[in-house]
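Asks: Would you mind keeping the following structure in view while I ask a few things?
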Amino acid sequence: MRYQRKNNSQKVLQIIGENGYIFIFALWFIFLSFKTDTFLTSQNILTVLRQGAIVSIAAIGEMLVMLLGGMDVSVGALLGFSGIVGANLMVDFNLSPALAGLVCVLVGGMIGLVNGFLVTKVRINPVVATLGMMTVLNGLALAWTQGKTVAGSQLDSIAFLSRGYIGSIPFSVILMLLFYCIFYLILNKTVFGARIYAIGNNEKASWLAGIEVDKLKMLTYTIAGFLGGFSGLLQVSRQGSATSSMGNEFLFPILTAVILGGIGLSGGKGKIQNTLIAVIFLMTINNGMVLLGIPLYTQDIIQGLILILALSLDRLHYRNR
Amino acid sequence: MTTILSLKNISRSFPGVQALDDISLEVEQGTIHALVGANGAGKSTLMKILSGALAPDSGEMIFENAPYAPADPSAAIKDGIATIYQELNLLPTRTVTANINVGKEPNHFGILDEKTERQKAASALAQLNASYIPLQALVGNLKVGEKQIIEIAKALVGKCKLLILDEPTAALNDSEIIPLFNIIKDLKNQGVTILYVSHRLKEIFALADVVTVLCDGKLVVTSLINQVTPDILINHMTGRKKIKSAFPEKNKVIKEEVLRLEHLSSSMVFKDINLSIHRGEVIGITGLAGSGKVELGKALIGDFPINSGQVFLQGIPFKPSPAKAKSAHIGYMPEDRKKEGVLEELSVQRNISLPSLSDLTQFPGFILFNKERELAQQGVEELDIKTPSLKQIVRNLSGGNQQKVSLAKWLATNSEILLLIEPTQGIDVGVKFEIYELIHKLSAQGKTIILVSSEISEIIGLAHSIVVLFNGQIQAILDGNQTNEEEVLQATFGK
Amino acid sequence: MKKLALIIMVLVILTACTPATTPTPTQADSTTLAKPAAPTLLTDELGTAAELVPSDAEIADAKDALGTGMIGIISCTMGSEYHATLVNSAQDYAQELGIKTTVIDSQVQADQQISAIENLVSAGAKAIVICVLDPAVVKPALEAAVEAGVYIVQTSGRESAYNGIGISIEDADLGCANGELAGEAINTFLDGKGVVAILDYPDLPNIVTRADNIEKCLLQTAPNATIIGRFLGGTTENAQTSVENALQAYPDIDVIASVSDLGAYGALTALQAANKDPEKTFVIGIDAEEYALDLIKAGGMYYGTVDTNPSETGVMAIDAAIKLLAHATVEKNIKVEVLKVTESTMK
């Protein structure tokens, strides 16, 4: 009898645990809906989604890398640097927006490829390799801009990407959903996706099963780079300018979202849609605190507490396994 | 005799598997009680329940006349039940003394009493006739057999009354097994009750007083050892009425050469290996541990470096790598199934389809899930893999079934050459015979099997020709139909 | 994120401003008095740029003291507009006077400043102009340099100017100037009644000082303004997100006072996206970045910023070093005055 009962309570814990942060998110969402008049308005919800668009697109790349059991801490710096290059080409060299945007994405991809090369061929630990890359990129960003803000009317031509609307829906939100649909299909329906999960699960066994692990890893880091580069372009569009510090805001929310979304640090497990939900959760935390009128100086504490709560619920079912 | 431990109606299930089904069992004080069963029979689950690592879904346990329901392994140890797992649980960088006392260090208000600590360690070792092990030695530097003794000493210091041993001889060589048996018998004479979990029947008949057989989570029989024979036990374990005791007959049609090794060398590990391997042939490679047989096998798949010499595949030079091997229809079943053979967290279906996935797609790389399912279903049926569904993750399967999954993925790619390294290691007899039959069937289909194994009877029973390695070199190539165990064994010793 | 942002913010804070008066060397003062053995440092009040201007005799004395040595300059980073301008102006000015300088870029890494100090001392620096990143980290190295007879001029505050001069911008002054600009806009265009959001960056205490003084001076200038609160700013992205969120709760915001120009850019974009009336909405920053000046000139919502004139600070640093080398009598703490910039002051 005693064991029987324990089993039932374990099941409840498991259900909450497996969707831990979604559960906390739901509570937070309901709380905000009742507590403020402004939260549950279509305008505010669209604002939150729009704020999540760039982080969430860059987070796809991070998620892919972490599914492989790797990590890319250069994602923020990569986003910032690619954005600066793109903005600079448009403002100071009058390159057409399409071409500059393409260069921006390609620069991101190239950096990703170098990351992949360092991790697979030079065999540097991913955190260390991308940390080095982050430092280099931050330095390059400073050197490139000389600390100055890159801005000009030429950037208005890409404003549509992050600030435009189709009907009443922000274009960036449409882009975000589009990217998530595409990568949902890639991860769940294609050989490439299946192999990413396989490698994250057991790299050696995957290699012995004839998967070309190194090539696939390089490809993944490169894709993460493309996504980071594109996010950089989106950020330039959002700010209407590019600053050398632009990428610094991104690493923390991206890593938080991917981990919160259930991608373990050892890889091989996790769903892409959970990353998206986690990004939106993060955005509602900031949004909600402003709407609630919580003083700026206590916001960090509350943000930290919400995250710890969400993560600890998430880990309950691991402990009870 | 008194009953020290009794289990009443213990059941435990995992998603999709009834691991233990209504087990009732009594263990008598001061006996060696063997627990046998095929892989997946429920031995490890029962062991985990006894050691506090797992709770039963229902049923109760009584230990020394008191209800026994350990919350965790440390509670079990406190109650007097110690478990020694196959994977030893020692601190390699600490001394023998420290390891024996770990967790229950004698102390005065937190200050370590090193003298008592040493005394306790010394007396525990003396009790095991193992005083020759220096107390100050680092455990990492000891031999496997000695490490096992340290584990037992650890249990003795913890005042254990029931000692559970899980396949204690799995990692030992012959010279280490005898002393271990003596220790176990000594402990029994000192009144310690032993629950001995194994599937090596020889050992059980040498040691045990009582034997319990599990099969598919049910208790089949508990019997005094002198009232059963190995054949009876095997029948109980496999649930079969009768088991073939002989190997299947070897295929007689051997065709053209498919693989040729010329002067293959890898620094210090194997040297100047020349071999010609033919279609339809089973070639056995054997030798002692350290003879280079496993490394030679791994080198053929690219998992071990080749320094000189060449491999020819159908006359064309071949530089091994897993990806190239796959496209050349060479399949590989590694020795370490959990780490290299299967992807434990993925489904049976995905494990089987993994090397074939790129052939199961439509543009631009979308997997055809129906075809994948068919392929996996075919593998499951062909190899009789016991799984509740194709979606089951491989970690939840028993060892033998995991091994079959590891092989099924290569059958699914239509491999022409199969490289099997220790395919029956750690597998129960039932599955062993299934694999033997399979090897026979595949070679009859014209496939080539390279079988690397240390089990000589298996090599002789299956292989057309037997390559014996000694110190990295070919000592002898023997005809599998003519040779006998003694000749092979002698060759492995370099004679 | 916070740490990176912090580093960036350090760059932003370390921006200064001096009055527009250019120090011209005054007539040589032909005293024949023996040169004192050490400079005399006064600590009773804050000195000004004018008091630092050396005489020809002091320049000559300083050159004597330098001999074959030079003045070392350690920059916080050459990657920011402010710092690069400061250092370049100091170098050009020293060259005009015929004084040798050596520049080291510490790339925003506090620990690199230790070896930079040591290397300069062994290379023969007699005075070091340093932008200190972390006072605690460089303290031992600076004390050792002083021990070796080197004078220190600090361009980023006062606490580390051992045996030397500290030239510093007052964050309170920067904040106050920003607040006064905001108040001015409210009084002129909004009949004294504006709804204000302040963009703060609470991770850095001196930035909070700016925000405190924005609030204080704004209410002094425009007592009927409403301050709805402080929001996370500092960087463009932070500010943009905060203002977007704030606009959901308070759609009638019409003034954003930001502790930095970077944050003001984000606020501007968010306000424009919300279709606020450019005639009735105002953004004020601090730092006088080039892009900010462009935006002010363009005459939109970007109403003003606070200038920090780094090239003057560079000249002042060399002047201070000369005073020290010439063993003159000089105030230990020198204040850099801030300058308000709006469309009208730029004409």
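The values are calculated or read from the model by the stated rules, or taken from the named source; none is laboratory data. This one's a predicted model, so the numbers in the text were calculated from it and none came from an experiment. Don't worry about glycine lacking a Cβ; one is built from the backbone with ideal geometry, like all the others, and counts go over all protein chains shown.
Asks: Going by the conditions given, is C:Ile214 touching a residue at least 12 places away in the same chain (Cβ under 8 Å), over 14 Å from A:Met289 (Cβ atoms) and more than 12 Å from every other protein chain (Cβ to nearest Cβ)?
Replies: Judged against the criteria, C:Ile214 is a match.
Asks: Only residues that are closer than 14 Å to A:Phe171 by Cα and either outside any helix (DSSP H, G or I) or of a type in the set (Gly, Ala, Ser) (or both): list them for the stretch A:222-241, please.
Replies: Those that are closer than 14 Å to A:Phe171 by Cα and either outside any helix (DSSP H, G or I) or of a type in the set (Gly, Ala, Ser) (or both): A:Ser231, A:Ser237.
Asks: Looking only at the stretch B:259-311, how many residues end up being outside any strand (DSSP E or B), touching a Ser or Thr at 6+ places or on another chain (Cβ under 9 Å) and among the basic types (Lys, Arg)?
Replies: So the count comes out to 2.
One line per residue, one yes/no per condition, for (1) at the interface with chain A (Cβ under 10 Å from one of its Cβ atoms); (2) crowded, with 16+ Cβ neighbours inside 10 Å:
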residue: B:Asp336; (1), (2): yes, no
residue: B:Glu344; (1), (2): yes, yes
residue: B:Ile352; (1), (2): no, yes
residue: B:Ile367; (1), (2): yes, yes
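Asks: Taking the criterion of being out of contact with any strand residue (DSSP E or B) (no Cβ under 8 Å at 6 or more places or on another chain), more than 14 Å from chain B (Cβ to nearest Cβ), buried (at least 24 other Cβ atoms within 10 Å of the Cβ) and among the acidic types (Asp, Glu), would at least one residue in the stretch A:247-267 satisfy it?
Replies: yes
Asks: Follow-up. Take the residues of the stretch A:23-56 that are in contact (Cβ under 8 Å) with a residue 60 or more places away in the chain and of a type in the set (Ser, Thr, Tyr): which is surrounded by the most Cβ atoms within 10 Å (Cβ to Cβ)?
Replies: The selected residue is A:Ser56.
Asks: In the stretch A:268-309, what residues are of a type in the set (Gly, Ala, Ser) and either over 28 Å from A:Ile182 (Cα atoms) or more than 13 Å from every other protein chain (Cβ to nearest Cβ) (or both)? It would help to see each step written out before you state the result.
Replies: So in the stretch A:268-309, the residues of a type in the set (Gly, Ala, Ser) come out as A:268, A:270, A:278, A:288, A:293, A:304.
Hits for the stretch A:268-309 are A:Ala278, A:Gly288, A:Gly293, A:Gly304.
Asks: Same structure, new question: Among what's in the stretch B:61-95 and is out of contact with any helix residue (DSSP H, G or I) (no Cβ under 9 Å at 6 or more places or on another chain) and within 14 Å of chain A (Cβ to nearest Cβ), pick the residue that is nearest to B:Gly191 (Cα to Cα).
Replies: This residue is B:Pro67.
Asks: Restricting the stretch A:162-191 to residues that are assigned to a loop (DSSP other than H, G, I, E, B) and away from every other protein chain (no Cβ under 13 Å), which is surrounded by the fewest Cβ atoms within 10 Å (Cβ to Cβ)?
Replies: First pass over the stretch A:162-191, keeping only residues assigned to a loop (DSSP other than H, G, I, E, B): A:164, A:167-168.
Then drop every residue that is not away from every other protein chain (no Cβ under 13 Å), which leaves A:167-168.
Working: A:Gly167: 6, A:Ser168: 8.
Looking at residues that are assigned to a loop (DSSP other than H, G, I, E, B) and away from every other protein chain (no Cβ under 13 Å), I get A:Gly167.
Asks: Let me ask something additional. Given (1) at positive phi; (2) away from chain A (no Cβ under 14 Å); (3) assigned to a strand (DSSP E or B), identify the lone condition not met by B:Gly30.
Replies: Unmet condition: (3).
Asks: Kindly establish whether A:Thr36 is more than 21 Å from the chain's Cα centre (by Cα) and of a type in the set (Ser, Thr, Tyr).
Replies: On the way: more than 21 Å from the chain's Cα centre (by Cα): yes; of a type in the set (Ser, Thr, Tyr): yes.
Criteria met by A:Thr36.
Asks: Report yes if some residue within the stretch B:125-135 is assigned to a helix (DSSP H, G or I), in contact with a Leu (Cβ under 8 Å, 6 or more places away or on another chain) and assigned by TED's automatic domain parsing to the domain that holds B:Glu64; otherwise report no.
Replies: Residues of the stretch B:125-135 that are assigned to a helix (DSSP H, G or I), as a first pass: B:125-127.
Imposing the further condition that a residue be in contact with a Leu (Cβ under 8 Å, 6 or more places away or on another chain) reduces the set to B:125, B:127.
Within this subset, residues satisfying the condition of being assigned by TED's automatic domain parsing to the domain that holds B:Glu64 are B:125, B:127.
The answer is yes; a qualifying residue exists.
Asks: Which of the following residues is touching an Asp or Glu at 6+ places or on another chain (Cβ under 7 Å), of a type in the set (A, V, I, L, M) and assigned to a helix (DSSP H, G or I): A:Ala143, A:Ala198, A:Ala205, A:Ala159? Show your work before the answer.
Replies: On the way: A:Ala143 fails: touching an Asp or Glu at 6+ places or on another chain (Cβ under 7 Å); A:Ala198 fails: touching an Asp or Glu at 6+ places or on another chain (Cβ under 7 Å); A:Ala159 fails: touching an Asp or Glu at 6+ places or on another chain (Cβ under 7 Å).
Going through A:Ala143, A:Ala198, A:Ala205, A:Ala159 in turn, just one is touching an Asp or Glu at 6+ places or on another chain (Cβ under 7 Å), of a type in the set (A, V, I, L, M) and assigned to a helix (DSSP H, G or I): A:Ala205.
Asks: Modelled with pLDDT under 90 and surrounded by 22 or more Cβ atoms within 10 Å (Cβ to Cβ), is that true of B:Leu233?
Replies: Numbers: modelled with pLDDT under 90: yes; surrounded by 22 or more Cβ atoms within 10 Å (Cβ to Cβ): yes.
Against the criterion (modelled with pLDDT under 90 and surrounded by 22 or more Cβ atoms within 10 Å (Cβ to Cβ)), B:Leu233 qualifies.
Asks: Still on this structure: Does B:Ile330 satisfy the condition of being touching a Gly at 6+ places or on another chain (Cβ under 7 Å) and surrounded by 23 or more Cβ atoms within 10 Å (Cβ to Cβ)?
Replies: Details: touching a Gly at 6+ places or on another chain (Cβ under 7 Å): no; surrounded by 23 or more Cβ atoms within 10 Å (Cβ to Cβ): yes.
The answer is no for B:Ile330.
Asks: Name the helices (runs of 4 or more DSSP H) wholly inside the stretch B:354-444 in which the number of residues that are touching a residue at least 12 places away in the same chain (Cβ under 8 Å) and under 20 Å from the mean Cα position of the chain (by Cα) is 3 or more.
Replies: Details: elements: B:369-383, B:399-412, B:429-444.
In the stretch B:354-444, B:399-412, B:429-444 are the helices (runs of 4 or more DSSP H) which contain 3 or more residues that are touching a residue at least 12 places away in the same chain (Cβ under 8 Å) and under 20 Å from the mean Cα position of the chain (by Cα).
Asks: In addition: Within the stretch B:456-495, which residues are closer than 21 Å to B:Lys432 by Cβ, in a loop (DSSP other than H, G, I, E, B) and in contact (Cβ under 8 Å) with a residue 40 or more places away in the chain?
Replies: The answer is B:Ala463, B:His464, B:Gly480.
Asks: Looking only at residues that are among the hydrophobic types (A, V, I, L, M, F, W, C) and out of contact with any strand residue (DSSP E or B) (no Cβ under 6 Å at 6 or more places or on another chain) in the stretch A:232-246, which one is nearest to the other protein chains (Cβ to nearest Cβ)?
Replies: Pass one, the stretch A:232-246, residues among the hydrophobic types (A, V, I, L, M, F, W, C): A:233-234, A:236, A:242, A:246.
Now narrow it down to the ones that are out of contact with any strand residue (DSSP E or B) (no Cβ under 6 Å at 6 or more places or on another chain): A:233-234, A:246.
Numbers: A:Leu233: 14, A:Leu234: 12, A:Met246: 7 Å.
The residue in question is A:Met246.
Asks: Determine which single condition C:Glu279 fails, assuming it passes every other condition in (1) at pLDDT below 95; (2) under 28 Å from C:Asp134 (Cβ atoms).
Replies: (2)
Asks: Taking the condition under 21 Å from A:Met63 (Cβ atoms), in contact with a Gly (Cβ under 9 Å, 6 or more places away or on another chain) and not in a helix (DSSP H, G or I), does A:Gly270 pass? If you could, list the steps in order and put the result at the bottom.
Replies: On the way: under 21 Å from A:Met63 (Cβ atoms): yes; in contact with a Gly (Cβ under 9 Å, 6 or more places away or on another chain): yes; not in a helix (DSSP H, G or I): yes.
It is true that A:Gly270 is under 21 Å from A:Met63 (Cβ atoms), in contact with a Gly (Cβ under 9 Å, 6 or more places away or on another chain) and not in a helix (DSSP H, G or I).
Asks: What helices (runs of 4 or more DSSP H), lying completely within the stretch C:228-347, carry at least 2 residues that are acidic (Asp, Glu) and within 13 Å of chain A (Cβ to nearest Cβ)? Give the derivation first.
Replies: Details: elements: C:236-249, C:261-273, C:290-298, C:310-325, C:343-346.
Correct list: C:236-249, C:290-298.
Asks: Can you tell which of A:Val127, A:Val119, A:Val65, A:Val75 is under 24 Å from A:Ala242 (Cβ atoms) and of a type in the set (Val, Ile, Thr)? Explain how you work it out, then say what you get.
Replies: Values: A:Val127 fails: under 24 Å from A:Ala242 (Cβ atoms); A:Val119 fails: under 24 Å from A:Ala242 (Cβ atoms); A:Val65 fails: under 24 Å from A:Ala242 (Cβ atoms).
Being under 24 Å from A:Ala242 (Cβ atoms) and of a type in the set (Val, Ile, Thr) holds for just one of A:Val127, A:Val119, A:Val65, A:Val75, which is A:Val75.
Asks: Could you grab me the full set of residues in the stretch B:187-212 that are without any contact (Cβ under 8 Å) to a residue 40 or more places away in the chain and assigned to a loop (DSSP other than H, G, I, E, B)?
Replies: Result: B:Arg200, single match.
Asks: Of the residues in the stretch C:215-227, how many are assigned to a helix (DSSP H, G or I) and either of a type in the set (A, V, I, L, M) or touching a Gly at 6+ places or on another chain (Cβ under 6 Å) (or both)? Full working, then the answer.
Replies: Step one: filter the stretch C:215-227 for residues assigned to a helix (DSSP H, G or I), giving C:215-221.
Those left that are additionally either of a type in the set (A, V, I, L, M) or touching a Gly at 6+ places or on another chain (Cβ under 6 Å) (or both): C:217-219, C:221.
Matching residues across the stretch C:215-227 total 4.
Asks: I need a count of the residues in the stretch B:145-186 that are in contact with a helix residue (DSSP H, G or I) (Cβ under 9 Å, 6 or more places away or on another chain) and not in a loop (DSSP other than H, G, I, E, B).
Replies: 28
Here's the yes/no breakdown for (1) crowded, with 19+ Cβ neighbours inside 10 Å; (2) in a loop (DSSP other than H, G, I, E, B):
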position	(1), (2)
B:Val36	yes, no
B:Ala41	yes, yes
B:Leu46	yes, no
B:Ala53	no, yes
B:Ala69	no, yes
B:Lys78	no, no
B:Asn99	yes, no
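Asks: Taking the stretch C:68-112 as the search range and keeping residues that are crowded, with 24+ Cβ neighbours inside 10 Å, under 14 Å from C:Ala125 (Cβ atoms) and β-branched (Val, Ile, Thr), which one is farthest from the other protein chains (Cβ to nearest Cβ)?
Replies: Per the criteria, the residue is C:Ile71.
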